[in-house]
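Read the structure below first, then the notes.
The values are calculated or read from the model by the stated rules, or taken from the named source; none is laboratory data. Keep in mind it's a predicted model, so treat the numbers as computed, not measured. So basically every Cβ, Gly included, is an ideal-geometry build from the backbone, and we count neighbours across all protein chains shown. Note: areas computed on protein heavy atoms with side chains; ligands, DNA, RNA excluded. Shrake-Rupley method; radii C 1.70, N 1.55, O 1.52, S 1.80 Å.
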Amino acid sequence: MDSLPFTVQQRRLAAIALVCLVGLTLTWRQLGSHATAARLAVAPIAPRAVAAPSASAARPLVVDVAGAVRRPGLYHLERGARVADAVARAGGLTRRAEPAAVNLAAPLADGEQVLVATRGSPVAGAGSGAASAGAAGAPVSLNSATAEELDALPGVGPVTAQKIVAYRLEHGPFTSVDGLDAIPGIGPAKLGDLRPLVVP
């Protein structure tokens, strides 16, 4: 009979301990959920993505190097390259080249032709007898006119003018106006229009 109150007391103490344990467990769970919410609320700042270079910026230049160079042809160069880079890729100037005829410091554009003239050929941009004669209404010389002067002729655009200059650099001076028939883009009709305006 003396042990009965002690057993009841033990049950009460066990019940109180259980209630405290449940309370502590709930408190720890609430604290853990608040900490998780706080970590989610303060999200790390993602590093800013670096913009990838555009396709046009990454694509190399393609230039045509012609005239008095060792290895004429098409060359792929990086954006920002200069005429000197294109000439170097083509093996450099030959002994027949006229260094003053090309601006080695000029920047290159995609699809451009770098044309290195030979000695004795007119330097682009320099005045010549043909220029002054053309201004006075006299015929333009096919063998001494610059591309700009040929471009000023009716029916001759910059592309055809460049072809005329390239043709005489490769094949030598024109011996007659009929030699224009070998230039792509100049047919019989255009040749007839140019005949009174040009001389060899």
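Overview of results
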read-out	value
Hits in segment 74-110 (condition: part of a loop (DSSP other than H, G, I, E, B), within 19 Å of ARG59 (Cα to Cα) and open to solvent by 70 Å² or more (accessible area, probe 1.4 Å))	GLU78, ARG79, ASP110
Extreme residue, most open to solvent (accessible area, probe 1.4 Å), among residues of segment 143-167 that are in a helix (DSSP H, G or I) and hydrophobic (A, V, I, L, M, F, W, C)	VAL159
Looking only at segment 168-200, and only at residues there that are touching a helix residue (DSSP H, G or I) at 6+ places or on another chain (Cβ under 7 Å), outside any loop (DSSP other than H, G, I, E, B) and without any contact (Cβ under 8 Å) to a residue 24 or more places away in the chain, the one that is surrounded by the most Cβ atoms within 10 Å (Cβ to Cβ)	LEU191
